[in-house]
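Below: one structure, written as structure tokens.
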Amino acid sequence: MKLKLIESREKQRTVKKKFNFRGFSFFSGENVSMICEPSKENTGIVFYCKGVRIPAIAENIKLVDVHTTALTKRGVDILAIEHLMAAIWGLGIDNLIIRLSSNVVPAQSGSAEEFTKALLKAEIVEQEETRQVVVFDESTTITQPEFKSRFAKFEPFDKFDIKCFVPFLSPIGEHTVFFNGSAKSFVRDVCWARTFLRSPIDINDLTKWNGIRSVFKVLPEDPKKSPIVTFTERGFLTPLKKEDEPAKHKLLDLIGDLALVGYRLRVKLTVNEPGHKFTHLVAKKIRSSVVAKKNDSQKKIS
Ligand SMILES: [Zn+2]
């Protein structure tokens, strides 16, 4: 993969104020919380859970069966990090400490809207040192062998731009969604999009819904009152905020997973059929290539 890390003129960023964020666990339904704190330059995004320091980087991804992104370090797993990571990355934050009260990031909805509001309220501030960014010298395409039509194409570009094609059966349908890398675009186009069921349920036979509820205990008996978007083959049970909300949520998940590269990218990225399993693979490949380059250049210097 032909890419390199370069020194940019952009300053690194953190938040000005420490804040407490309370919510629930989608898995247990329990109330959980986290404290987010400013962090020094070049420290990155770091979680602390049960006394273990877990940097938010692709090497620490733990592959799990549920549709979420989990990290693991020294036997401690943390779940559901992707919507928070998307908000951190989408708002241009480089350095942050997140202290979790349990092994799951607290949620208030199935989107990144509340994280975005809390981070903006804590005031995002520039730091002294500049950012290193990843640039591509030539186009690279990453594929997933099990899914023939799934790909992520990285093309050299002096900014950051994502175009993402998300095909689903009716009622979700096919959508192409965009993110231009700016905080404004993230707030306007992405942060509010809620997660959704990946396949329809039958309103007259809730066996499948109850199976989903056994994994995500926060979900209510009535799927129409769900904080995640639910639908049958005939239509949506929870009204959508916008027609392409599910596709925008896939874009949100993609941003959250890409954040695990640990550096910002300057690239034109086209993704076909994103999904966590694939975007974990993408983040790991880019990250390992960047780390190899970094180690290589350090060897040359010493
Ligand atoms: Zn999600």
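Considered as a group, the residues in the stretch 236-278 that are of a type in the set (S, T, N, Q) and at pLDDT 95 or above include one that is nearest to the ligand (Cβ to nearest atom), and that residue is Asn272. Screening Ile201, Ile255, Ile162 for residues that are assigned by TED's automatic domain parsing to the domain that holds Asn272 and either within 17 Å of the chain's Cα centre (by Cα) or not charged (D, E, K, R) (or both) leaves exactly one candidate, Ile255. Filtered by the rule that a residue be buried (at least 18 other Cβ atoms within 10 Å of the Cβ), away from the ligand (no atom under 16 Å from the Cβ) and at pLDDT 95 or above, the stretch 184-200 gives a lone residue, Val187.
Against the list (1) among the hydrophobic types (A, V, I, L, M, F, W, C); (2) modelled with pLDDT of 95 or more; (3) more than 16 Å from the ligand (Cβ to nearest atom), the condition Val291 fails is (2).
Filtered by the rule that a residue be farther than 23 Å from Arg213 by Cβ and in a strand (DSSP E or B), the stretch 20-40 gives Asn20, Phe21, Ser33, Met34, Ile35, Cys36, Glu37, Pro38.
Filtered by the rule that a residue be at pLDDT 95 or above, among the charged types (D, E, K, R) and within 16 Å of the ligand (Cβ to nearest atom), the stretch 63-103 gives a lone residue, Glu82.
Regarding the stretch 3-19, can at least one residue be identified that is at pLDDT below 95 and either farther than 30 Å from Thr140 by Cβ or in a loop (DSSP other than H, G, I, E, B) (or both)? No: the stretch 3-19 contains no residue that is at pLDDT below 95 and either farther than 30 Å from Thr140 by Cβ or in a loop (DSSP other than H, G, I, E, B) (or both).
Residue pairs whose Cβ atoms lie under 6 Å apart, separated by 6 or more positions or on different chains, with the first residue in the stretch 72-87 and in contact (Cβ under 8 Å) with a residue 40 or more places away in the chain and the second of a type in the set (Val, Ile, Thr) and within 12 Å of the ligand (Cβ to nearest atom), are Leu79/Thr68; Ala80/Thr68; Ala80/Val105; Ile81/Thr69; Ile81/Val105; Glu82/Thr69; Leu84/Val105; Ala86/Ile255.
The values are calculated or read from the model by the stated rules, or taken from the named source; none is laboratory data. Quantities reported herein were computed from a predicted structural model and do not represent experimental measurements. Heads up, the Cβs are rebuilt from the backbone with ideal geometry, glycines too, and the neighbour counts pull from every protein chain shown.
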